[in-house]
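See structure below.
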Amino acid sequence: MASSEPIIRHEAGSDSAARAADLCTLLENYLEPRQVEKVYRAYQFGAAAHEGQRRLSGEPYITHPLAVARTLGDMGLDAESLCAAILHDVIEDTPTAKAEIAEAFGPEVAQLVDGVSKLTQINFRSKAEAQAENFRKMVMAMSQDIRVILIKLADRLHNMRTIFVMPPSKRSRIARETLEIYAPIAQRLGINSMRVELEDLGFAALYPMRYRVLKERVRQQRGNRRELLDTVRDAIAESLVEGGIEAHVIGRQKHLWSIYQKMRSKQAGFDDIFDVYGFRVVVADVDTCYRVLGYCHGLYKPLPGRIKDYIAIPKVNGYQSLHTTLLGPHRIQVEVQIRTAEMDRVAEAGIAAHWLYKDAGSASNVAQTRAREWVHGLMEMQESAGNPLEFIENVKIDLLPDEIYVFTPNGDIMELPKGATVVDFAYAVHSQIGDACIAANIDHRLAPLRTPLATGQTVEIITAPIARPNPAWLDFVVTAKARSGIRHSLKRLQGTEAAELGQRLVDQALGAMDLSLKAISPEQVDAALEALGADELEAVFAEVGLGRRMPWLVARHLSGVDEASADLDKTGSSGALTIRGNEGAVVTFARCCRPIPGDPIVGFASAGRGVVIHHQDCNNIREYRNHPEKWVDVQWDAVAEGEYPVAIDVEVMNRRGVLASVAAVISDLDSNIDAVEIEEKEGMIATMKLVLDVRGRVHLARIMRRLRGLSAVLRITRRRG
Ligand code: MN
């Protein structure tokens with residue numbers, strides 16, 4: 001549906017309009033007219049949004065995004081990427097919202113711009129070497145779409161080209177970031193041309209003196225060696241012509257940053273670096289590559305150990321080439337790279353070489369599909385070359401990440417699986433943090449424990465000394481570390497709680513025999529342990545607490561009274577067990593009757609669950625009639641702690657606002673509604689079935705009294721199973 005109308009570009013005489021027109025001329029080589037028009041519209045939109053803004057250099061701001069788009073146009077990227085490149089600073093630096101971009105250019109462009117903005121917001125605070133790798137992974141992870149990275153790289157490239165207007169302090173920070181984060185990403189994606197330029201610009205900005213000195217040395221040496229190099233070059237070219245091989249022989253020079261790196265890593269002076277210059281031979285097919293290698297070795301002796309076959313075994317980023325170093329006249333070393341034209345294109349453009357605009361229809365996931373194809377292609381290449389495992393590790397993880405990367409408040413990066421929550425993070429920091437966490441600040445905003453985290457967030461865990469892990473956390477944590485941490489400490493907690501309760505139960509049973517634990521001699525304890533088949537008293541107490549052993553039986557063994565004459569009053573008669581409500585998981589309150597402090601209660605030992613407390617009037621206690629050995633004599637402590645759920649039915653006139661007024665009374669009296677259910681009765685009357693938290697009978701009585709005072713309330717009853 002390409003329209004035949006000419007694209008109208010208003011060249012208002014401005015420099016940037018001319019640049020935009022230039023860009024469109026370039027794009028006409030490979031995009032459809034309507035797509036070129038869309039890119040031009042993006043320019044107009046961007047120019048309007050950035051109107052009045054200037055770069056530090058004094059140029060209108062729009063010249064920057066235009067330059068970014070130009071880089072991507074030279075790489076042959078699609079229309080969406082180009083629009084997004086032109087608009088890439090619009091969300092960050094102008095009042096324009098993502099929705100407006102989506103409205104004008106579609107969701108795909110908006111998504112790309114949003115992705116670039118998010119990358120721009122990452123704060124690379126910690127500059128530790130070890131962190132750089134994580135930062136690179138984070139950049140990858142944040143860019144759901146590989147085009148986001150390409151735009152960001154082009155953005156960084158232009159910022160580096162114009163960095164000298166920046167104040168020196170800012171310059172070195174940006175330069176370091178470029179060298180540590182962005183240049184390696186370009187390398188990973190195989191975009192060598194970009195990587196080389198980013199590295200040399202970074203070098204020049206970070207170490208201006210060293211850069212200048214080294215540049216001068218290289219220039220001098222080239223002058224000195226020009227003749228020798230020409231000789232080698234002519235010799236290679238001639239011998240290939242004689243052999244009937246059509247080839248392109250190109251002189252090349254190692255870039256300054258890599259010379260500098262080599263000097264540093266080998267602790268060598270410049271004169272010790274021999275492979276500063278070399279040649280590249282580009283031929284038609286793979287077969288010819290190997291023949292060229294033969295001719296070169298026929299001309300000059302190759303340096304042993306320096307012959308590399310990256311055609312058979314490509315580099316991780318897809319780079320393919322034959323490398324050899326020749327010992328030339330006067331023993332100068334000359335590195336020769338031999339490859340096909342296709343390999344040459346991939347070596348310079350990497351993933352972008354796989355981008356060349358092919359089909360007219362642009363589905364939103366075309367980019368991701370191509371990225372996957374690229375990875376896939378690389379994998380196949382590597383598989384045929386062997387050692388695929390390491391390769392998959394390196395590339396797949398980077399490009400198709402299953403991880404998220406979040407910051408600690410100190411700026412350290414934590415790697416977590418996708419879907420990880422605040423609790424996973426807390427346990428990843430330390431198991432003690434996990435055990436004590438109660439909430440988190442995510443990017444300075446309070447968030448509950450089950451909140452899933454996203455790459456780039458800063459997470460600060462809030463802990464409380466009395467906090468304990470909750471079994472419900474197991475439903476949402478995703479890491480093994482959190483899971484086992486929670487289980488472990490629940491078990492530990494339950495163990496100590498059970499032992500404490502068990503000890504009290506045994507002491508109580510001893511009390512019924514006019515004895516106490518203090519009065520039992522160590523010999524009697526040992527004898528009892530042997531009879532019970534246990535190693536230590538603590539473990540026996542824990543089992544009692546969990547309801548797996550009967551306290552009276554343990555008490556009888558401890559007392560040393562022999563079985564036949566044992567007092568069979570199993571429930572004992574003195575000193576009921578007092579319930580304070582802080583016993584933990586080993587004392588539970590039955591949900592059927594919901595006993596609260598002040599209620600008459602009974603307890604039952606229940607295997608594995610400890611003691612379950614019921615209201616004395618609960619219907620369910622009938623089934624325990626035949627198991628008197630399971631009864632535990634209990635009573636409330638005078639100062640029971642905590643809040644207890646209680647169920648009440650409130651019969652009301654069903655009119656507007658009645659629930660609100662009931663709820664207001666309840667919250668006014670410092671209680672909390674856990675559950676509400678409303679049952680319509682005939683006509684105007686309804687029953688509100690509530691579950692409230694109360695501190696005890698007195699608290700409940702106050703609430704009920706106040707509720708009765710409401711005109712709409714007819715009747716209140718407490719509900720028991
Ligand atoms: Mn920018």
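The values are calculated or read from the model by the stated rules, or taken from the named source; none is laboratory data. Note that the structure is a prediction, hence the values are computed from the model and not measured. In this analysis, Cβ positions are derived from the backbone assuming ideal geometry, glycine residues included, and neighbour counts consider all displayed protein chains. We work out accessible area using only protein heavy atoms, side chains counted, and drop any ligands, DNA or RNA first. Shrake-Rupley method; radii C 1.70, N 1.55, O 1.52, S 1.80 Å.
Using the structure shown, list the pairs from Lys38/Lys118; Lys38/Lys98; Lys215/Lys254; Lys266/Lys301; Lys152/Lys266 with a Cα-Cα distance above 21 Å, or answer none. Table pairs above 21 Å Cα-Cα are Lys38/Lys118; Lys266/Lys301; Lys152/Lys266. Subtracting the Cα-Cα distance of Met653 and Leu56 from 0.36 nm times their residue separation leaves 207.8 nm of extension gain. About its Cα centre, segment 487-636 has a charge dipole of approximately 880 debye under the convention of +1 per Lys or Arg Cβ and -1 per Asp or Glu Cβ, with nothing else charged. For segment 223-281, applying the loop criterion from DSSP together with a ceiling of 15 other beta carbons within 10 Å to the trypsin sites (Lys or Arg not before Pro) yields Lys266. Measuring r between the beta carbons of Val676 and Ala467 and using R0 = 30 Å, the FRET efficiency lands at 0.60.
Of Lys518, Lys170, Lys418, Lys301, the residue with the largest accessible area leads and the full order is Lys518, Lys301, Lys418, Lys170 (1.4 Å probe).
Evaluated over the Cα positions of segment 644-719, the convex hull gives a direction-averaged projected area, one quarter of its surface, of 4.4 nm². Taking every alpha-carbon pair under 8 Å whose residues sit at least 6 apart, the chain reaches a relative contact order of 7 percent. Computed over the Cα atoms of the chain, pair by distinct pair, the Kirkwood hydrodynamic radius stands at 32.9 angstrom. Rounded to the nearest 20, the size of the Cβ-charge dipole of the chain about its Cα centre is 1460 debye, with Lys and Arg at +1 and Asp and Glu at -1.
Averaged over its residues, segment 210-362 has an accessible area of 52 Å² per residue, based on protein heavy atoms and a 1.4 Å probe.
Taking Cα atoms only, the orientation of helix 129-142 departs from the longest principal axis of the chain by about 90 degrees. Over segment 402-478, accessible surface divided per residue gives 49 Å², non-protein components excluded, 1.4 Å probe.
In this simple spin-label approximation, Leu327 and Glu629 carry label points 7 Å from Cα along the Cα→Cβ vector, and these lie 9.4 nm apart. For a paramagnetic label modelled at 7 Å from the Cα of Glu246 toward its Cβ, which residues of segment 286-320 fall within the zone defined by backbone nitrogen distances under 19 Å? Within reach of a label on Glu246, which here means backbone N under 19 Å from a point 7 Å along Cα→Cβ, segment 286-320 contributes 286-293. Compared with the dominant principal axis of the Cα atoms in the chain, helix 33-49 is inclined by about 70°. Other residues lying with their Cβ under 11 Å from the Cβ of Gln35 contribute a combined charge of -2, Lys and Arg counting +1, Asp and Glu -1. Compared with the dominant principal axis of the Cα atoms in the chain, helix 63-74 is inclined by about 70°.
Carbon-plus-sulfur accessible fraction, the chain (probe radius 1.4 Å, protein heavy atoms only): 50%.
Measuring between their Cα centroids, segment 479-523 and segment 332-350 lie 73 Å from each other. Comparing Phe425, Pro471, Ser117 along the charge dipole axis of the chain, the residue lying farthest to the positive side is Ser117, per the Cβ-charge model.
Sorting 101-108, 186-193, 407-414 by average packing, meaning the other beta carbons within 10 Å per residue, from highest down gives 186-193, 101-108, 407-414.
Of the trypsin sites (Lys or Arg not before Pro) in segment 633-721, which ones lie in a loop per DSSP and count no more than 14 other C-beta atoms within 10 Å? Listed in order of number, the matching sites are Arg655, Arg656, Lys681, Arg719. With the helix formula -39500 (n - 2.57) applied to DSSP H stretches of n ≥ 4, the chain reaches a computed 222 nm mean residue ellipticity of -14500 deg cm²/dmol. Take every Cα-Cα pair in segment 210-362 and report what % of them are more than 18 Å apart. Above the 18 Å cut-off, segment 210-362 has 62 percent of its Cα pairs. Neighbours of Glu460, meaning other residues whose beta-carbon lies under 13 angstrom from its beta-carbon, give a summed charge of -1 when Lys and Arg score +1 and Asp and Glu score -1.
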